[in-house]
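For reference, the structure is listed below as structure tokens.
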Amino acid sequence: MQTQFSSNASPHDWALRARRLFELSDDQAFVDVERHITLDLSLQLVRVPLPGLAGLLVLKRAPFDGTVFVQSEDPLERQRFTLAHELKHLLVDVPNGLVREDDGVLFHSDASETIGAGLWSTVSNIETSADQFASEFLLAQQPFTEMLDGKPMGVGLLGEVAKAFGVSVTATATRWAMCSEGRCALLEIREGRLYRFVVSPGLEATPKRSRWLQVKAAISDRTRSAAWLRGELDFNLGAPTRIPAKEWLQGAAAGQELCEEVLHVPLGDRLYALIWFPEDFD
Ligand SMILES: [Zn+2]
């Protein structure tokens, strides 16, 4: 097994290999990651309150045994993402000697704040690649694309897909922005400013002046997200709204429009905007 997961491969490759290892078909949506860790890899799984942490690996070196601890206070779908993140450490980083060892015990902890953050990062390290692995392992391209295909894009659809895969809406929206051919982005807003974003390969490929998004810049008052922050949108946020593209993307052509929908996650009080060019998602 160890030779299958070279540390030089990509998260995409590792996710494909892991799915083969556990005999998951290419079109299988829901992945029982807990079962693969406990039954196929014979590790113990313990759910406990872990202050400040999402997950913790404690392994005896050989044979390959030990315990995966997961934050019991996290929602189940978040625990599943954490488990998939730990699975990458188990399959790739442990066999390749990238996990710290103290007195014959391998030890790796993951802070709550960092799990999932790697999906937004361009930095490459064992944590960001573990998040990217988790995203691709839990949300396989083929069933993911099929579930979105031909349906009206929006938070409602992403919520249905999230349920089918057993992951959070945020993880689903991030995967959507990371793999869409169409021009789209997921933006996180904190205190009225753009905090971070993920843009699709399609949007990345547009000329720079028309996709300009600046971290820390105050968002335009005319965006749907600004209206939400002013309390002008009720609980039922409703359908995606068309707004001039230049409200988000400086330098966008006059008359060009994009769709915006607000995604508010009560856990941690997180605010996201999804933006996309509707003609790319018809
Ligand atoms: Zn980690």
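A few notes on this one:
- In the chain, the longest principal axis of the Cα atoms and the axis of helix 155-165 are about 10 degrees apart.
- Fraction of beta bridges assigned by DSSP in the chain that are antiparallel (%, nearest 5): 90
- The Kirkwood radius of the chain, taken over pairs of alpha-carbon atoms, gives through the Stokes-Einstein law at 37 °C and 0.692 mPa s a diffusion coefficient of 165 µm² s⁻¹.
- Positive minus negative residues near residue 221 (Lys, Arg vs Asp, Glu; Cβ under 9 Å): +1
- Rounded to the nearest 0.05, the FRET efficiency derived from the C-beta distance between residue 113 and residue 253 at R0 = 30 Å is 0.20.
- Between the stretch 23-94 and the stretch 110-140, the alpha-carbon center distance in angstrom: 14
- Number of Lys pairs (Cα under 19 Å; 8 or more positions apart or on different chains) in the chain: 5
- Value of [θ]222 nm, deg cm²/dmol, for the chain, DSSP H segments ≥ 4, -39500 (n - 2.57) each, nearest 500: -8000 deg cm²/dmol
- Applying the criteria of a DSSP loop state and at most 16 other Cβ atoms within 10 Å to the GluC sites (Glu not before Pro) of the stretch 17-116 yields 23, 73, 113.
- Here the Karplus curve 6.51 cos²θ - 1.76 cosθ + 1.60, taken at θ = phi - 60°, turns the phi angles of the stretch 269-277 into couplings of 6, 9, 10, 10, 10, 9, 10, 7, 8 Hz, with x standing for Gly and Pro.
- Sparse packing (at most 16 other Cβ atoms within 10 Å of the Cβ) combined with a DSSP loop state is found for the following trypsin sites (Lys or Arg not before Pro) in the stretch 59-130: 61, 100.
- The stretch 2-138: C-alpha gyration tensor shape, a/c 1.5 cut-off, then a/b vs b/c: rounded
- Full extension of the chain segment joining residue 44 with residue 206 gains 53.6 nm, where the gain is 0.36 nm per residue of separation less the Cα-Cα distance.
- Close amide-amide hydrogen proximity is noted between residue 112 and 53, 54, each under 5 Å apart and 5 or more residues distant or on a separate chain (H modeled in the peptide plane; Pro and chain starts excluded).
- Phi-based couplings in Hz for the stretch 175-180 (Karplus 6.51, -1.76, 1.60; Gly and Pro marked x): 4, 4, 5, 6, 10, 5
Laboratory data are not the source of any read-out in this text; all were calculated from the coordinates shown. Predicted model only: the values in this text are computed from it and were never measured. Reconstructed Cβ throughout: ideal geometry from the backbone, glycine too, with neighbour counts over all protein chains shown.
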